[in-house]
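Structure first, then comments.
The values are calculated or read from the model by the stated rules, or taken from the named source; none is laboratory data. Since the structure is predicted, the reported quantities are computational estimates derived from the model, not experimental observations. Virtual Cβ from ideal backbone geometry, glycine too; neighbours counted across all protein chains shown. Protein only, heavy atoms only, side chains kept; ligands, DNA and RNA dropped before computing areas. Shrake-Rupley method; radii C 1.70, N 1.55, O 1.52, S 1.80 Å.
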Amino acid sequence: MKIIEAKHFDDMSLKAAQFMIEKVQRDPTITLGLATGGTPQKMYELLINDHRINGTSYHQVTTFNLDEYIGLDRHDPNSYYTYMHKALFDHIDIRDEQAFLPNGTASNLNAECERYEALIRQHGGIDLQVLGIGANGHIGFNEPGTSFESSTHIVKLTESTREANARYFNDLSEVPTEAITMGIQSIMNAKEILLLASGKKKADALYQLIHGKVDESFPASVLQRHEQVTIIADREALQKVAVSSN
Ligand code: F6R
């Protein structure tokens, strides 16, 4: 595991954007796994700036998002489809048909999970998966207790995750109770992983991710078993972890 300490959120975002841009420039046909949430938002802004100024192209890039709420129409302002389009896809030259998210309104949700997993395989798997982390150790929407062998599946969101995400909705009651998420195994199948974290709310989770026991009760701990993980996190998030070098 490589740990890169950033000064603060903006610095984390810059370092993460530089990391991503280098990967895309080195392999213009790269398949990226993407996350939503507050953590990668500024990084996406910086990718857009770079696309505008330096012309880094996403025309041949394929993306797979980690998760999507069940029951929200994709054009709902809170769907992850809308998030990704507003935060990134509408502002770069990625082809719409190459930017995949699970469909949270599919009539057969189990079939949708299988379709999504198969689609990732058909595209040769994910080269670089971007992750955030929940304070309870979730990655994607894989909540504590999720099997390390899980592929894309339906989850019931924990109250703590719903409360954490309620900031985007008018009211907690509007936050969906279920989602489709790539599983732990789907995430571990990625050739490389970039995990981002910012702020003291993530300090315990990062400590456990790096130093804790590898156990399904703390999903992110599984990353200790992956050979290509880079963590870019700011000082507040790393306050409980001793970082030896930058
Ligand atoms: C988002 C996702 C989640 C978030 C996590 C952290 O697609 O899968 O695991 O990465 O909940 O969220 P933020 O970044 O809002 O703290």
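If each of residue 59 and residue 27 carries a label point 7 Å out from its Cα toward its Cβ, how far apart are those two points in nm?
Result for the modelled spin labels: 2.1 nm.
How high is the relative contact order of the chain, in percent, counting Cα pairs under 8 Å that sit 6 or more residues apart?
Details: 503 pairs, mean separation 63.2, N = 246.
Over the chain, the number comes to 26 percent.
If each of residue 243 and residue 173 carries a label point 7 Å out from its Cα toward its Cβ, how far apart are those two points in nm?
So the label points at residue 243 and residue 173 sit 4.3 nm apart.
Please report how far the C-alpha centroid of segment 140-174 lies from that of segment 85-113, rounded to the nearest whole angstrom.
Answer, in whole Å: 19.
So, with +1 on the Cβ of K and R and -1 on the Cβ of D and E, and no other charges, what is the size of the charge dipole of segment 2-233 about its Cα centre, to the nearest 20 debye?
600
Rounding to the nearest 20 debye, state how big the charge dipole of segment 124-177 is about its Cα centre with +1 on each Lys and Arg Cβ and -1 on each Asp and Glu Cβ. Present the calculation step by step, with values, prior to reporting the outcome.
Numbers: 3 positive and 7 negative charges, 5 e Å.
For segment 124-177, the charge dipole is close to 20 debye.
Would you please give the FRET efficiency between residue 122 and residue 154, computed as 1/(1 + (r/R0)^6) with r the Cβ-Cβ distance and R0 = 25 Å, to the nearest 0.05?
The value I calculate is 0.70.
Under the rule a/c < 1.5 gives rounded, and otherwise a/b versus b/c splits prolate from oblate, where does the chain land using the Cα gyration tensor? Write down the numbers at each step before the final one.
Details: a/c = 1.33, a/b = 1.05, b/c = 1.26.
It comes out rounded by the Cα gyration axes.
I'd like to know which of 103, 62, 79 lies farthest towards the positive end of the charge dipole of segment 47-134, counting +1 on Cβ of Lys and Arg and -1 on Cβ of Asp and Glu.
Among 103, 62, 79, the one farthest towards the positive end of the dipole of segment 47-134 is 62.
How many Å² of accessible area per residue for segment 116-246, probe 1.4 Å? Mind dumping the intermediate values first?
Values: 5870 Å² over 131 residues.
Spelled out: the 1.4 Å probe surface of segment 116-246, per residue, equals 45 Å².
On the protein heavy atoms, probe 1.4 angstrom, tell me the percent of accessible surface of the chain carried by carbon and sulfur.
C and S fraction of accessible area: 46 percent.
Looking at the square roots a ≥ b ≥ c of the eigenvalues of the Cα gyration tensor of segment 149-246, which shape do they give, rounded for a/c under 1.5, prolate if a/b is larger than b/c, or oblate? All intermediate terms of the calculation are to be shown ahead of the outcome.
Details: a/c = 2.20, a/b = 1.30, b/c = 1.69.
It comes out oblate by the Cα gyration axes.
Take segment 1-127, compute every pairwise Cα distance, and split them into 5 Å bins from 0; I just need the percent in each bin.
2, 10, 19, 22, 20, 15, 8, 3, 1, 0
How big is the charge dipole of segment 71-151 about its Cα centre, in debye rounded to the nearest 20, if each Lys and Arg gets +1 on its Cβ and each Asp and Glu gets -1 on its Cβ?
Details: 5 positive and 12 negative charges, 11 e Å.
About 60 debye.
Looking at the chain, which longest stretch skips every one of the GluC sites (Glu not before Pro) that is in a DSSP loop with at most 13 other Cβ atoms within 10 Å, leaving the sites themselves out? Mind showing how you got there, number by number?
Values: sites that count: 149, 227.
With a cap of 13 other Cβ atoms within 10 Å, the longest stretch comes to 1-148.
Note down the accessible area of residue 74, probe 1.4 Å, to the nearest 10 Å².
Number for this one is 120 Å².
List the residues, sorted by chain then number, that are 5 or more residues from residue 64 or on another chain and whose placed amide H is less than 5 Å from its amide H.
When sequence neighbours closer than 5 places are left aside, the close amide H contacts are 32, 33, 34, 100.
Sum -39500 (n - 2.57) across every DSSP H segment of at least 4 residues in the chain, then divide by the residue count to get the 222 nm mean residue ellipticity, nearest 500.
The helix contribution divided over the chain gives -9000 deg cm²/dmol.
For a test of the definition: using alpha carbon positions, the gyration tensor, and the 1.5 limit on a/c, classify segment 189-246 as rounded, prolate or oblate.
Details: a/c = 1.81, a/b = 1.28, b/c = 1.41.
Oblate.
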